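A.B. asks: Provided herewith is a single structure, encoded as structure tokens, for subsequent inquiry.
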Amino acid sequence: SFVLGLFSIYYINEKKWLKVIVSMIFIIWGGKRIVLLSVALSIILYAFILLKNKIKKNDIRAVFGTLIISIFSYIYALRNWIINSFLQQYEIIDYGRLSMYKMFEEDYYFSFGFVGQGLGYILNKLDNISIGILNLHSDWLHIYITIGLLGVFIYIYMYYRVIIKMYKKRKLVSTAIMVLFYTFFLYFTDNTAIYIIYLYPFNLILYKQIRE
């Protein structure tokens, strides 16, 4: 489902509507809520891009600014159990994710002073717990615990610089922005960042946009 969502975003920008329809059928069949939501939000972003007609630098800043605020708000809400209260109030099933996150609540705090626990920390802890969980189902939480608040900011900023360089060279950036937006949204509740089957087409699409 993750990869099909990625392809559907790419095909939308390429205006290959038959492939979009086929991809969407399999996405709906797959039933992954985060994929459906990420694709829907990416389509809204695409509509915004069409309305703007021409993307400006401030539009790129607005997209990345929104992502940064959303990511840090999410980390803050997780650490302070705001999301837990919300899910319980509206009886939303989280498939055990919050129980996993709770195992790490003493390993991080929300502050510029938090520099992370280092590479491999989460996997080592999960391995020592020995309860059959292979990864934390939130890439953003994983990245935050690993490299800290400033590390997350730098991680996002590097992608921002790539998009800005493309923009300065007058390359078409709409596909790259949408693919990044879709991918970064998946990172909220899944561990997409470790799947080579996802990262390969993701980076291939970005590379294609840079080379064009």
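A.B. asks: Has region 183-191 got at least one residue that is in contact with a helix residue (DSSP H, G or I) (Cβ under 8 Å, 6 or more places away or on another chain), of a type in the set (Asp, Glu), under 23 Å from Val115 (Cα atoms) and assigned to a helix (DSSP H, G or I)?
C.D. replies: no
A.B. asks: I want to confirm something. Restricting to region 171-182 and keeping residues that are of a type in the set (A, V, I, L, M, F, W, C) and part of a helix (DSSP H, G or I), which single residue is most open to solvent (accessible area, probe 1.4 Å)?
C.D. replies: The qualifying residue most open to solvent (accessible area, probe 1.4 Å) is Phe181.
A.B. asks: Follow-up question, since we're still on this one. Go through (1) modelled with pLDDT under 95; (2) in a helix (DSSP H, G or I); (3) among the β-branched types (Val, Ile, Thr); (4) closer than 24 Å to Phe72 by Cβ and name the single condition Ile210 misses.
C.D. replies: Here Ile210 clears every test but (4).
A.B. asks: Please enumerate the residues belonging to region 192-206 that are in a helix (DSSP H, G or I) and not aliphatic (A, V, I, L, M).
C.D. replies: Within region 192-206, Thr192, Tyr198, Tyr200, Pro201, Phe202, Asn203 meet the criteria.
A.B. asks: Suppose the filter is of a type in the set (Gly, Ala, Ser) and touching a residue at least 60 places away in the same chain (Cβ under 8 Å); does Ser174 pass it?
C.D. replies: The answer is yes for Ser174.
A.B. asks: Take Tyr11 and tell me if it is surrounded by 12 or more Cβ atoms within 10 Å (Cβ to Cβ) and within 22 Å of Ile156 (Cβ to Cβ).
C.D. replies: no
A.B. asks: When region 1-35 is examined, which residues are found to be without any contact (Cβ under 8 Å) to a residue 12 or more places away in the chain and either within 20 Å of Ile205 (Cα to Cα) or in contact with a Pro (Cβ under 7 Å, 6 or more places away or on another chain) (or both)?
C.D. replies: Hits for region 1-35 are Lys15, Lys16, Trp17, Leu18, Ile21, Val22.
A.B. asks: Using the structure shown, decide if Val3 is within 21 Å of Tyr160 (Cα to Cα), surrounded by 14 or more Cβ atoms within 10 Å (Cβ to Cβ) and modelled with pLDDT of 90 or more.
C.D. replies: No: the conditions fail for Val3.
A.B. asks: Give region 6-41 a look and list any residue that's modelled with pLDDT under 90 and among the polar types (S, T, N, Q), or say none.
C.D. replies: Correct list: Asn13 only.
A.B. asks: Further, regarding this structure: Among the numbered criteria (1) open to solvent by 90 Å² or more (accessible area, probe 1.4 Å); (2) free of Cβ contacts under 8 Å to residues at least 24 places away in the same chain, which single criterion is violated by Leu199?
C.D. replies: (1)
A.B. asks: For region 44-63, name all the residues that are over 15 Å from Leu180 (Cβ atoms) and in contact (Cβ under 8 Å) with a residue 24 or more places away in the chain.
C.D. replies: Residue satisfying the conditions is Lys57 alone.
A.B. asks: Return the only residue of Tyr101, Tyr109, Tyr121 being within 15 Å of Asn191 (Cα to Cα) and in contact with a helix residue (DSSP H, G or I) (Cβ under 8 Å, 6 or more places away or on another chain).
C.D. replies: Result: Tyr101 is the single residue among Tyr101, Tyr109, Tyr121 that is within 15 Å of Asn191 (Cα to Cα) and in contact with a helix residue (DSSP H, G or I) (Cβ under 8 Å, 6 or more places away or on another chain).
For (1) under 30 Å from Ser8 (Cα atoms); (2) touching a Phe, Trp or Tyr at 6+ places or on another chain (Cβ under 8 Å); (3) among the hydroxyl-bearing types (Ser, Thr, Tyr), each residue gets a yes or a no:
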{"site": "Ser42", "(1), (2), (3)": "yes, yes, yes"}
{"site": "Lys56", "(1), (2), (3)": "yes, no, no"}
{"site": "Ile69", "(1), (2), (3)": "yes, no, no"}
{"site": "Ile93", "(1), (2), (3)": "yes, no, no"}
{"site": "Leu98", "(1), (2), (3)": "yes, no, no"}
{"site": "Glu106", "(1), (2), (3)": "no, no, no"}
{"site": "Ser111", "(1), (2), (3)": "no, no, yes"}
{"site": "Gly120", "(1), (2), (3)": "no, no, no"}
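A.B. asks: Output the qualifying pairs, or none if there are none: Cβ atoms under 8 angstrom, residues six or more apart or on different chains, first residue in region 81-99 and among the hydroxyl-bearing types (Ser, Thr, Tyr), second residue open to solvent by 40 Å² or more (accessible area, probe 1.4 Å) and at pLDDT below 80.
C.D. replies: Listed by first residue and then by second, the contacts come to nothing, as the list is empty.
The values are calculated or read from the model by the stated rules, or taken from the named source; none is laboratory data. Remember, it's a predicted structure, so these values are computed and weren't measured experimentally. We place every Cβ from the backbone using ideal geometry, glycine too, and count neighbours over all the protein chains shown. Heavy atoms of the whole protein, side chains included, go into the accessibility calculation; ligands, DNA and RNA do not. Shrake-Rupley method; radii C 1.70, N 1.55, O 1.52, S 1.80 Å.
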